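Notes to accompany the following structure.
What follows draws every value from the coordinates through simple rules; no lab data is involved. Just so it is clear, the structure is predicted and the values come from calculations on it, not from any experiment. Ideal geometry is used to build each Cβ from the backbone, glycine not excepted, and the neighbour counts take in all protein chains shown.
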Amino acid sequence: MNLSAGRTFSVECGPAPHAGTPWVVRVFRKGFPFRRRVSSDWFIEKEQATLFAETIAADLRNGATMQEVRDRKPGWTLHRAPR
């Protein structure tokens, strides 16, 4: 599944090739004529991977930068959780 994340990024979600059941969510920065992988996150379940891919795509559409994607801590959120 490919998700658009604005004009600058794209998000790809799918099973890992040749790895069995894990799912991979990859974020790419678009550029002519190539695209560059920014991050890669692995998940056990399809539902988790799909939810994460939709969340990161929405965050990137709403103005998150490539540096924020790279610097985020492992896990589900790009931004600090509300207190």
**Report entry** Vicinal HN-Hα couplings computed from phi for segment 37-43 (Karplus, 6.51 cos²θ - 1.76 cosθ + 1.60; Hz; Gly/Pro x)
**Finding:** 6, 9, 8, 9, 10, 10, 9
**Report entry** Size of charge dipole - segment 2-66 - debye, nearest 20, with Cβ of Lys, Arg +1 and Asp, Glu -1, no other charges
**Finding:** 460 debye
Query raised in the report: Which of the trypsin sites (Lys or Arg not before Pro) found in segment 1-46 are in a DSSP loop and have at most 10 neighbouring Cβ atoms, other than their own, within 10 Å?
Result: Arg7
Query - Two-decimal Rg to Rh for segment 2-66 - Kirkwood Rh, Cα set - result: 0.98
